[in-house]
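Novice: The structure that follows is given in the form of structure tokens.
The values are calculated or read from the model by the stated rules, or taken from the named source; none is laboratory data. A quick note: this is a predicted structure, and the numbers were derived from the prediction, not measured. Virtual Cβ from ideal backbone geometry, glycine too; neighbours counted across all protein chains shown. Quick note on the areas: whole protein, heavy atoms, side chains included, nothing else; ligands and nucleic acids left out. Shrake-Rupley method; radii C 1.70, N 1.55, O 1.52, S 1.80 Å.
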Amino acid sequence: MHDRNKQVYDPIDLTLVAARETQEKWSQRPLVERLPLVRELRRLIATSAPDLAEAAATVSQRPLAEKLISEVLPLADACQWLEQSAARVLAPR
């Protein structure tokens, strides 16, 4: 049983806590600062697509083309969608 009053020392838990804290900081940055980073991420995904697909295929022992189509290209597409839709999707309601 997990004791919620105990200090968290598990490396996975520490990583999750750090990720939550980082996400909070990221969400406070203006969109105009975040979108160029998303654009650069998309560029890096596109230029590294063969290597990313090969790494994913190796880990899961699946065909390279399958990983390229099912994981790498959709990730680049999601970045492009975010670039185009972020202002609307993230606008205060």
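Novice: Of all residues in the stretch 14-32, count the ones that are open to solvent by 80 Å² or more (accessible area, probe 1.4 Å), part of a helix (DSSP H, G or I) and either touching a Cys at 6+ places or on another chain (Cβ under 7 Å) or not aliphatic (A, V, I, L, M) (or both).
Specialist: Count: 9.
Novice: Another question, if that's okay. One residue is enough: does the stretch 62-85 have a residue meeting the conditions in contact (Cβ under 8 Å) with a residue 40 or more places away in the chain, of a type outside the set (A, V, I, L, M) and surrounded by 10 or more Cβ atoms within 10 Å (Cβ to Cβ)?
Specialist: There is at least one residue in the stretch 62-85 that is in contact (Cβ under 8 Å) with a residue 40 or more places away in the chain, of a type outside the set (A, V, I, L, M) and surrounded by 10 or more Cβ atoms within 10 Å (Cβ to Cβ).
Novice: Counting only residues that are at pLDDT 95 or above and among the small types (Gly, Ala, Ser), how many does the stretch 19-47 have?
Specialist: Number of matching residues: 2.
Novice: Go through the stretch 22-50 and report how many residues are β-branched (Val, Ile, Thr) and under 16 Å from Ala78 (Cα atoms).
Specialist: 3
Novice: Take Ala91 and decide whether it is open to solvent by less than 100 Å² (accessible area, probe 1.4 Å) and modelled with pLDDT of 95 or more.
Specialist: no
Novice: Here is a further query. Please count how many residues of the stretch 37-57 are under 16 Å from the mean Cα position of the chain (by Cα) and either among the hydrophobic types (A, V, I, L, M, F, W, C) or surrounded by fewer than 11 Cβ atoms within 10 Å (Cβ to Cβ) (or both).
Specialist: Qualifying residue count, the stretch 37-57: 10.
Novice: Still on this structure: Regarding Pro50, is this residue farther than 26 Å from Val89 by Cα, out of contact with any helix residue (DSSP H, G or I) (no Cβ under 7 Å at 6 or more places or on another chain), assigned to a helix (DSSP H, G or I) and modelled with pLDDT of 95 or more?
Specialist: Here the answer is yes, as Pro50 does meet what is asked.
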